[in-house]
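Below: one structure, written as structure tokens.
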Amino acid sequence: MTNTTNPRTKTSTPPVKNTWRFFVYSGLGIFAFFVPFPFGGENTILLDHLVGWISDTLGSGSKYVVLLLIVAGAIAPFATGTWKSSAARMVFAFLNILAVLITAMLVFNFGPAFVFEEDLGPFLLNKLVIPVGLLIPVGAIFLALLVGFGLMEYMGVWVQPIMRPLYKTPGRSAIDAVASFVGSYSLGLLVTNRVYKAGGYTGKEAAIIAAGFSTASATFMVVIARALDLMSVWGMYFGATLIVTFLVTVIMVRIPPIATISEDYYPGAEPNPESEVNDSRAHTAWEEAKAVLRDSPPLWKVL
């Protein structure tokens, strides 16, 4: 690969207004996901406090809110026509209909007895479906603070020397990895797919990122921690999960099937391999963050 300096560090660019957004909004996102504090008798992160408050406020109404979300999710593929765009989408579209039926059984108390076994239907509804249904929309707000104002790009530059030797992926993949793990693995997969189709990743790099980093997320980890009563040791739980995930990925990239995937770029895409950073890494990282700030819309649009 040719050693070139990141062009953003050399080209003349207009000044960035309101750089405080990088520190304030990114700081709020970090606080919401990573800093536990006591409130209402529980010592947990802000995101979990908010979801608990919403759940307590809605009470039994939570299950109806979640049912409406599931119904909307089942209707959307048919309303937009995406259900027939691929075999996978078709299968999931009909599984969504099944989800509506099972959720309705649990909410309105009808159907076969096995659905209501304590470790099956009620457990799924109360410990997974309702918490996820409430957590993901709230978590998405704080995820926007993490990924919308340059923090991901800033951190990505600093970890470039780590990504290629350990994971055989470009430094920009650190953005995917952190976005996937910290916020939403669904978001991470969408980012990976977009960059791959634009020529930023080879097929093998995209597979490594998707299989290695988009397998766990902080938002869903909160759900698991609540179900297993682990929020009191959230920091240890989060750190252990992060370490295990990233260590397993180091191994996965070196064994089949990932090791045998083609290095070709997406058909029809113009290859855009990542340039190495030869300038000051601190300067380049800040320039990358400012480039995002320069293009970022107002806070309400990001949210």
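Derivation of every value follows stated rules applied to the coordinates shown; laboratory data play no part. Not measured: the values here are computed from a predicted model. Every residue, glycine as well, gets a Cβ built from its backbone with ideal geometry; the counts of neighbours run over all protein chains shown.
Remarks
- For GLU205, GLU263, order by how many other beta-carbon atoms lie within 10 Å, fewest first: GLU263, GLU205
- Distance from the C-alpha centroid of segment 9-58 to that of segment 224-270: 24 Å, rounded to the whole angstrom.
- Three-way shape call for segment 66-196 based on the alpha-carbon gyration tensor, with the a/c threshold at 1.5: prolate
- Under 26 Å from LYS17, Cα to Cα: lysines that are on another chain or at least 8 residues apart: LYS290, LYS301
- Mean Cα-pair separation over length for segment 36-149, i.e. relative contact order, pairs under 8 Å, 6 or more apart, %: 30 percent
- Partners for LYS204 among lysines (Cα-Cα distance below 25 Å; same-chain residues under 8 apart left out): LYS168
- Remark: the ILE251-ILE162 segment gains 30.6 nm on full extension, using 0.36 nm per residue and subtracting the alpha carbon distance.
- When the Gaussian network model of the chain links Cα atoms closer than 10 Å, the mean-square fluctuations of SER55, SER217, SER173 top out at SER55.
- Using every pair of distinct Cα positions in segment 1-156, the Kirkwood expression returns a hydrodynamic radius of 19.4 angstrom.
- Those residues of segment 91-118 whose amide nitrogen sits under 15 Å from the label point placed on PHE78, 7 Å along Cα→Cβ: 91-102
- The chain, relative contact order in percent, only Cα pairs under 8 angstrom and at least six apart counted: 27 percent
- One decimal place: the segment PHE37-ASN18 gains 3.9 nm when fully extended, by the rule 0.36 nm per residue minus the C-alpha distance.
- Sequence-distant lysines (8 or more away, or on other chains) whose Cα lies within less than 18 Å of LYS63: LYS127
- For the chain, the Cβ-based charge dipole about the Cα centre amounts to some 640 debye (Lys, Arg positive; Asp, Glu negative; other atoms uncharged).
- Among LYS204, LYS84, LYS63, the largest mean-square fluctuation in a Gaussian network model of the chain (Cα springs under 10 Å) belongs to LYS84.
- Förster radius 51 Å - calculated FRET efficiency between ASN272 and ILE97 (Cβ-Cβ, nearest 0.05): 0.80
- Using a cutoff of 8 angstrom between alpha carbon atoms and counting only pairs six or more residues apart, the relative contact order for segment 93-251 works out to 19 percent.
- As a calculated quantity, the FRET efficiency between LYS197 and ILE54 at R0 = 45 Å, using C-beta atoms, amounts to about 0.80.
- Computed over segment 152-293, the percent of Cα pairs more than 25 Å apart is 31.
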